[in-house]
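Asker: Attaching a single structure in structure tokens format; questions to follow.
The values are calculated or read from the model by the stated rules, or taken from the named source; none is laboratory data. Keep in mind that this is a model prediction, so the values were computed, not measured. Neighbour counts are summed over all protein chains in view; Cβ atoms, including those assigned to glycine, are modelled from backbone coordinates with ideal geometry.
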Amino acid sequence: MRDFVKSYRKGFFPVEIKWSCRILLVFLLIAIFGKFIANDVPIIGKKDGHVCFPVVMDIANDLGIINWKNRYSYNHLDQKYDFAVKPIIPYNSRYMDNANSGYVSPFVKQEVKHLYYRHWLGTDGLGRDVLAGLIRGSWIAMIISLFSVLLALAIGIPIGLLGGFYGNKDWALSYLEIITVVLLAIVGLYYSFYFLHGRVDLMVMILLFSLLFWSVKWLQSRFYPNAKTRSIPLDSILNKWVEIFKSIPTLIILFLFLGVFVKTGVWSIVLIIGGITWVRISRYIRAETLATKETDFIKSLKAMGNSDWNILVRHLLPVVIPPVLVSIIFLVGSVILMEATLSFFGIGLSVEEVSWGGMLSEARKYFGAWWLALFPGLVLFTIIAALGNIGQYATKRLNPRLQE
């Protein structure tokens, strides 16, 4: 039994990336369950004969499901409970301990009533707990990196597949379809700049515009099936976009796009980073598609009368995705660094939100607060190094020549 467990663990965590996988697993667990680890409300509490779940209420308050008045005005653990299961760290990332404000070091005497309330990694200028801030920063980094990469994949994979498969001559649209696309693009840009206020508005706009385009396409096939078409140079358009994004530094693009939003936050950063980084994914998908579509297998599928959709989704996509996994791993690390850079310059997230880059920026205000630079920097370095190690291992595994 013991040998089976060892062999299973070895297969699940290869020796070369064993510690990197463990670091990322711990990072994910801390990010997901951060509210249960560091918070100024009990996990479970019983007061006046009623059992409540304050941490769940706190999560619902952050999501906008409920409105918890005076949520951050005092430490809720100071209230008297008949029974309470308290978090390991008795501070929320936004809670300000006035008694220990002004950059209190982890090693000096702190004004706390019990050892449980000690700030083990010190505080910042406002008295916020550094350890609670690190845990909250892990959640911010996970959310932004996860959804930014998903958005980049959602945009980059279809564009890369279509550009590589059709090239500059094989994809054609009728003049009515071209006019519809241009008009929808103009209206979409205008709506985005002046009327777009959230994720729901964006999803509704994309869904509505898609329905309008496919409705026009269906009406044309129904009443005017022999409409004249014009070839669309998809591959050239993709290459021009790649050249534009490569010629302009990423930070400048981020600053320009963030200036468009009236109110910025996590989801606006996700939208902007995902809207920039899809170019990387698209380049790799296009290159793999160009190499794969010339194989005898794909040519035989075309000769047998398979539809383009069937070839793209069922045969090309499963082949081109595995080599791109390496770039996705490195992209996650790049997105985390982008978010930290934006927070370091005080751009993107709201002032009350705590992130790793924001904590590093706080260290600039008082050079004696070494803990504000050391601990967030160490965490950021460890996560990026773990992702880099996993990416190098994946590169070696997918390239047989590097295994020799």
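Asker: Can you tell me which residues in region 283-297 are assigned to a helix (DSSP H, G or I) and within 34 Å of the chain's Cα centre (by Cα)?
Answerer: Those that are assigned to a helix (DSSP H, G or I) and within 34 Å of the chain's Cα centre (by Cα): Arg283, Tyr284, Ile285, Arg286, Ala287, Glu288, Thr289, Leu290, Ala291, Thr292.
Asker: Oh, and also: Pick out the one residue from Ile298, Ile285 that is surrounded by 15 or more Cβ atoms within 10 Å (Cβ to Cβ), at pLDDT 85 or above and either over 16 Å from Ile157 (Cβ atoms) or of a type in the set (Val, Ile, Thr) (or both).
Answerer: Ile285 is the lone residue from the list that is surrounded by 15 or more Cβ atoms within 10 Å (Cβ to Cβ), at pLDDT 85 or above and either over 16 Å from Ile157 (Cβ atoms) or of a type in the set (Val, Ile, Thr) (or both).
Asker: When you scan region 343-351, do you find a residue that is crowded, with 16+ Cβ neighbours inside 10 Å and either assigned to a helix (DSSP H, G or I) or free of Cβ contacts under 8 Å to residues at least 12 places away in the same chain (or both), even just one?
Answerer: Within region 343-351, one or more residues are crowded, with 16+ Cβ neighbours inside 10 Å and either assigned to a helix (DSSP H, G or I) or free of Cβ contacts under 8 Å to residues at least 12 places away in the same chain (or both).
Asker: Just name the residue that is farthest from the chain's Cα centre (by Cα) out of those in region 139-156 that are buried (at least 23 other Cβ atoms within 10 Å of the Cβ) and of a type in the set (Gly, Ala, Ser).
Answerer: That would be Gly156.
Asker: So, one more: Considering only region 103-117, state which residues are more than 15 Å from Ala373 (Cβ to Cβ), touching a helix residue (DSSP H, G or I) at 6+ places or on another chain (Cβ under 9 Å) and surrounded by 18 or more Cβ atoms within 10 Å (Cβ to Cβ).
Answerer: Gln110, Tyr117
Asker: Continuing with this model, one more query. Looking at region 245-293, which of its residues are farther than 24 Å from Tyr166 by Cα and free of Cβ contacts under 8 Å to residues at least 24 places away in the same chain?
Answerer: The answer is Ser247, Ile248, Pro249, Ile252, Ile253, Leu256, Phe257, Gly259, Phe261, Val262, Lys263, Ile272.
Asker: Could you please tell me which pairs satisfy a Cβ distance under 9 Å, a separation of 6+ or placement on different chains, a first residue in region 225-244 that is of a type in the set (Phe, Trp, Tyr), and a second residue that is surrounded by fewer than 13 Cβ atoms within 10 Å (Cβ to Cβ) and part of a helix (DSSP H, G or I)?
Answerer: none
Asker: Which one of Asn39, Asn67, Asn100 is within 27 Å of the chain's Cα centre (by Cα) and crowded, with 17+ Cβ neighbours inside 10 Å?
Answerer: Asn39
Asker: Checking Leu387 against (1) under 25 Å from Arg22 (Cβ atoms); (2) over 19 Å from the mean Cα position of the chain (by Cα), which test does it fail?
Answerer: Going through the list (1) under 25 Å from Arg22 (Cβ atoms); (2) over 19 Å from the mean Cα position of the chain (by Cα), Leu387 breaks only (2).
Matching residues to (1) under 23 Å from the mean Cα position of the chain (by Cα); (2) part of a helix (DSSP H, G or I):
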| position | (1), (2) |
| --- | --- |
| Leu121 | no, no |
| Ala132 | yes, yes |
| Gly137 | yes, yes |
| Pro158 | yes, yes |
| Gly164 | no, yes |
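Asker: Same structure, new question: With (1) in contact with a helix residue (DSSP H, G or I) (Cβ under 8 Å, 6 or more places away or on another chain); (2) closer than 28 Å to Ile23 by Cα as the list, and Ile66 as the residue in question, which single condition is left unmet?
Answerer: Result: Ile66 fails condition (2) only.
Asker: Can you find, within region 232-250, the residue that is modelled with the lowest pLDDT among those that are assigned to a loop (DSSP other than H, G, I, E, B) and over 25 Å from the mean Cα position of the chain (by Cα)?
Answerer: Filtering first and then ranking leaves Ile232.
Asker: Does Leu337 count as in a helix (DSSP H, G or I), farther than 30 Å from Leu387 by Cβ and without any contact (Cβ under 8 Å) to a residue 60 or more places away in the chain?
Answerer: no
Asker: Select from region 37-60 the residues that are outside any loop (DSSP other than H, G, I, E, B) and more than 25 Å from Phe27 (Cβ to Cβ) and list them in ascending order.
Answerer: Ile44, Gly45, Lys46, Lys47, His50, Val51, Cys52, Pro54, Met57
Asker: If you go through region 175-205 one residue at a time, how many are at pLDDT 80 or above and outside any helix (DSSP H, G or I)?
Answerer: 0
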